[in-house]
Structures are given as C-alpha cells and as structure tokens.
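Let me begin by presenting the structure, written as structure tokens, before commenting on it.
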Amino acid sequence: MNFETLAIRLQTDRTQHREHSTPIFPTSSFVFDDAEQMRSMFADEMEGNIYSRFTNPSVREFEEKMAALEGMEDAFATATGMAAVFASFMAFLKSGDHLLASRAVFGSTYTVITQFLPRWGITFDWLNGASPENWQQAVKPNTKMLFLETPSNPGLDVIDLVFAGKFAKENSLIFNVDNCFATPYLQQPAKFGADLITHSATKFIDGQGRVLGGVVVGNKEQIAEVRKFCRSTGPSLSPFNAWVLSKSLETLAVRLDRHCENALALAHFLQKHEQVGKVTYPFLDTHPACDIAKRQMKKGGGLVTFEVKGGLEQGRKFLDAIAMCSLSANLGDTRTIVTHPASTTHAKLTEEARQEVGITKGLIRISVGLEHIDDIVEDIDKALKKSVL
Ligand SMILES: *Cc1c(COP(=O)(O)O)cnc(C)c1O
C-alpha cells in the first residue's frame with residue numbers, strides 16, 4: 001500500500017461493535033482469564049496487555065502506524081518528543097560511551113546532551129552538519145552513536161543523509177535521526193540506514209496543536225531495548241493522546257502537501273520583500289544544501305525563516321504588528337505561528353552560542369499553517385511594513 005493509504009487503513013484493533021473509526025482504550029490495566037495466563041504474560045512467554053505503562057491497544061496502533069510509515073519494524077510511543085529523544089539515548093548509551101551529534105539540535109536536546117548525559121559519564125562532540133568531510137576526525141574508539149536533526153530547528157540546516165548513513169556504517173555507530181521537521185511523509189531516514197528515528201508527535205503528526213507525544217522508531221531488537229528502558233522508567237504515551245495521534249496520521253499527507261505549498265509560496269514572497277534580508281527554506285535554490293534537500297526530501301517542509309532588516313528591535317516590532325498569525329512556541333499547527341528566537345526560545349543562550357546555530361537578532365521563524373496563503377501573506381506583509389524602524 002502507498003503511504004496515504006497505509007496511514008488511513010492500518011487499523012489494529014476493532015471491538016465487537018464493528019466501529020468504523022479507531023476505538024479508544026482508556027484503561028490503566030487489563031484483566032486476566034486465570035492465574036496461568038497472568039503468570040505467562042508477566043514472564044514474557046505470552047504476548048498480551050498487562051498494564052498501560054507497558055502496552056495499550058490505542059498506543060500500539062499509533063506505534064504500528066509510525067513503524068509502517070517510516071518503513072521500519074517497530075516503535076515505542078512516549079509522552080513527549082523529548083522523552084523519545086532521551087529514551088533513544090538512555091536505551092543504548094552507558095558510562096564511558098561517546099556521542100556525536102549535529103550542533104544545530106533542538107534546544108532541549110542540547111540541554112540533555114550538554115547537562116545531563118555527562119552526569120552519567122557519557123561524553124559528546126558536536127559535528128558541523130554542513131562539513132561532513134570533517135566528521136571522521138571526531139570519531140573516537142568509544143564513539144557509539146551518531147545523532148542528527150535534519151532539517152534543524154530553527155535554522156533549517158539540511159544534513160546529507162546518504163553520507164551520514166555510510167559514515168555511521170563504516171564506523172559501526174548507531175545512527176539516530178530526529179525526523180520531526182520532515183515527518184515520514186517527506187523523509188524516511190531508514191532508507192539511508194538510520195537505526196533509530198525519533199519524533200515529536202506534538203508537531204506535524206498531531207498537526208492541530210492539541211496533544212503532546214513522541215515516538216522512537218527502529219527495528220525489532222532496538223525497539224525492544226527502548227521498551228525495556230521506558231517500561232521501567234515510565235514516559236509512556238496516554239491512550240487518549242495515542243488515539244488523537246493515530247487519527248491525525250490519517251490526514252498527515254494532505255496536511256503536509258498544503259503546509260509545503262504555502263511555505264514555498266511564502267518563501268518566494270519574502271525573497272522579494274524590501275524589509276527582508278536572507279530567507280531560508282530547504283527547497284529554495286539559495287539554500288546551501290538545496291540539492292541535498294531535494295534528493296532526500298519529497299517537499300521542503302512547513303517552516304520558513306527570514307531576517308528582518310532592523311535586527312532585534314524590528315523583530316520585536318514585527319511580532320507586535322502581527323494581527324492574524326499566532327505568537328506561540330509550537331509549530332506544525334493548522335495555524336500559522338510566528339516566533340522570534342533571539343528574544344524568546346533562545347534568549348538565554350550567549351550571543352556566541354546563538355551564532356553557532358545561525359540565530360541572528362532579526363531571525364523570524366514561521367511555521368506556515370493551513371489558512372489561505374493570501375491571508376498569511378497579507379498579515380506578514382502588513383506587519384513587516386508597520387515594523388519599519
Ligand atoms: C519540539 C521538538 C522536540 C521536542 O518535542 P516535545 O514534544 O516538545 O517534547 C524535539 N525535536 C525537535 C526537532 C522539535 O522541534
């Protein structure tokens with residue numbers, strides 16, 4: 001089956017009521033027929049639901065859909081995207097191991113790698129995603145994992161997954177990709193040899209700003225390790241959120257087609273705007289890795305960034321002049337969301353740390369929603385004109 005069909009038709013559980021849509025199983029635990037069934041399920045001799053921290057049919061459906069859509073064998077769903085990223089580290093890394101990660105990672109991922117992993121003796125080095133020819137010299141005898149985020153948040157850096165897959169294989173590294181910005185509809189890291197794929201399902205997968213969720217996707221053996229870690233430490237996804245996310249997957253392809261179409265149109269509009277400096281979008285030919293993006297992604301995604309010419313001050317004025325779009329921290333919503341990283345999400349970083357990931361003072365990140373493109377363009381155009389210093 002094709003992606004769109006699979007996302008709609010893959011349904012794992014029906015009840016005796018013959019419901020058409022996916023049922024929801026809001027239960028914390030399950031009953032056993034007898035002592036022997038209970039014993040054998042606890043002993044892992046027999047498969048079955050025991051307790052919703054381990055498995056739940058609503059959660060299982062979301063996991064099986066995500067595995068199928070990523071073209072991998074299995075998945076484990078978590079309460080948030082960060083729980084998925086953290087579990088993907090903790091299930092495989094131990095004291096004495098070394099992690100290589102692309103520098104332009106999500107803010108909380110940066111905190112986990114720099115402030116928490118070292119507490120357990122896990123060391124790290126950053127890689128520049130734009131110069132993979134230098135990666136080899138960063139590999140140490142104890143390097144265990146390669147973690148990449150592409151396209152990155154918020155800079156939209158694109159990393160060559162063909163190269164990364166070969167590099168991971170040659171160096172026997174566990175290849176772990178945060179595929180949040182692309183989703184499996186636009187990019188399937190497994191095709192390039194990824195062993196683990198993490199998602200914040202909060203973003204495009206829910207796509208409607210309702211629930212938090214995350215998932216780690218991989219092959220059977222690897223997901224067994226993730227499940228073992230999560231089953232005992234407890235970052236499990238709730239059945240309700242899993243049900244919302246399973247339903248959301250049914251519309252992922254059509255939503256993303258429109259997100260991408262609107263984002264590309266907005267990027268073209270911004271490129272011609274007087275108040276705008278650099279515009280970044282993976283499928284613009286001015287993007288330094290446009291060729292790579294076009295090779296590994298179906299479309300350019302739903303995010304666009306640009307520079308307002310007057311820097312920090314004009315950036316703030318621009319936000320205040322926005323009338324329709326939302327000022328919000330989320331992304332991947334039906335509603336267009338505008339953020340100014342230098343004064344908000346990345347305000348606590350030093351100027352130098354912001355520079356490293358391309359966050360200039362006038363950088364604006366737009367998560368382009370599903371409103372009519374003319375209304376999005378009009379709102380942003382008016383705000384740009386009003387914000388002239
Ligand atoms: C939002 C995000 C996360 C974290 O997801 P949460 O669901 O907020 O925990 C991880 N990676 C990327 C790229 C993100 O954008």
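The values are calculated or read from the model by the stated rules, or taken from the named source; none is laboratory data. This is a predicted model, so every value here is computed, not measured. Positions of Cβ are generated from backbone atoms using ideal geometry, with glycine treated the same way; all protein chains shown enter the neighbour counts. Please note that ligands, DNA and RNA were not included when accessible areas were found on the heavy atoms of the full protein model with its side chains. Shrake-Rupley method; radii C 1.70, N 1.55, O 1.52, S 1.80 Å.
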If I ask for residues that are open to solvent by 50 Å² or more (accessible area, probe 1.4 Å) and either farther than 20 Å from GLN208 by Cβ or in contact with a strand residue (DSSP E or B) (Cβ under 8 Å, 6 or more places away or on another chain) (or both), which ones from region 368-389 would you list?
ASP374, GLU378, LYS382, LYS385, LYS386, VAL388, LEU389
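Of all residues in region 64-95, which are more than 16 Å from the ligand (Cβ to nearest atom) and not in a loop (DSSP other than H, G, I, E, B)? Before the answer, list the steps.
Taking region 64-95 as the starting set, the residues that turn out to be more than 16 Å from the ligand (Cβ to nearest atom) are 64-65, 67-69, 71-74, 91-95.
Selection gives GLU64, LYS65, ALA67, ALA68, LEU69, ASP74.
Right, GLU61: buried (at least 24 other Cβ atoms within 10 Å of the Cβ), assigned to a helix (DSSP H, G or I) and of a type outside the set (Phe, Trp, Tyr) or not?
On the way: buried (at least 24 other Cβ atoms within 10 Å of the Cβ): yes; assigned to a helix (DSSP H, G or I): yes; of a type outside the set (Phe, Trp, Tyr): yes.
Taking the combined requirement at face value, the residue satisfies it.
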For region 320-331, what are the residues that are closer than 15 Å to THR305 by Cβ and in contact (Cβ under 8 Å) with a residue 60 or more places away in the chain?
LEU331
Selection status of SER367, closer than 19 Å to PHE181 by Cα and either assigned by TED's automatic domain parsing to the domain that holds ARG210 or out of contact with any Asp or Glu (no Cβ under 9 Å at 6 or more places or on another chain) (or both)
no
Selection from region 73-102 of residues open to solvent by 10 Å² or more (accessible area, probe 1.4 Å) and touching an Asp or Glu at 6+ places or on another chain (Cβ under 6 Å) yields ALA91
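Residues that are within 23 Å of the chain's Cα centre (by Cα) and either at pLDDT 95 or above or more than 15 Å from ASP157 (Cβ to Cβ) (or both), at least 3 per element: which helices (runs of 4 or more DSSP H) completely within region 286-389 meet that?
Hits in region 286-389: 290-296.
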What about GLN275, is it open to solvent by 10 Å² or more (accessible area, probe 1.4 Å), farther than 26 Å from LEU127 by Cβ and in contact (Cβ under 8 Å) with a residue 24 or more places away in the chain?
yes
Of the criteria (1) open to solvent by 50 Å² or more (accessible area, probe 1.4 Å); (2) in contact (Cβ under 8 Å) with a residue 40 or more places away in the chain, which one ARG14 fails:
(2)
Would you confirm whether any residue within region 182-191 is in the same structural domain as LEU93 (by TED's automatic domain parsing) and over 29 Å from SER238 (Cα atoms)?
yes
Out of (1) outside any loop (DSSP other than H, G, I, E, B); (2) within 16 Å of the ligand (Cβ to nearest atom), the odd one out for LEU100 is which?
(2)
Cβ-Cβ below 7 Å, separation at least six or inter-chain, first residue in region 260-271 and farther than 11 Å from ILE366 by Cβ and not assigned by TED's automatic domain parsing to the domain that holds GLN187, second at pLDDT 95 or above and not in a helix (DSSP H, G or I): which pairs?
CYS260/LYS299; CYS260/GLY300; CYS260/GLY301; CYS260/GLY302; LEU264/TYR281; LEU264/PHE283; LEU264/GLY300; GLN271/VAL279
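Which one is most open to solvent (accessible area, probe 1.4 Å), of the residues in region 30-58 that are in contact (Cβ under 8 Å) with a residue 40 or more places away in the chain and not polar (S, T, N, Q)? Steps first, please.
Let us first name the residues in region 30-58 that are in contact (Cβ under 8 Å) with a residue 40 or more places away in the chain, namely 52-54, 56-58.
Remaining after also requiring not polar (S, T, N, Q): 53-54, 57.
Numbers: ARG53: 87, PHE54: 38, PRO57: 14 Å².
Once the filter is applied, the top-ranked residue is ARG53.
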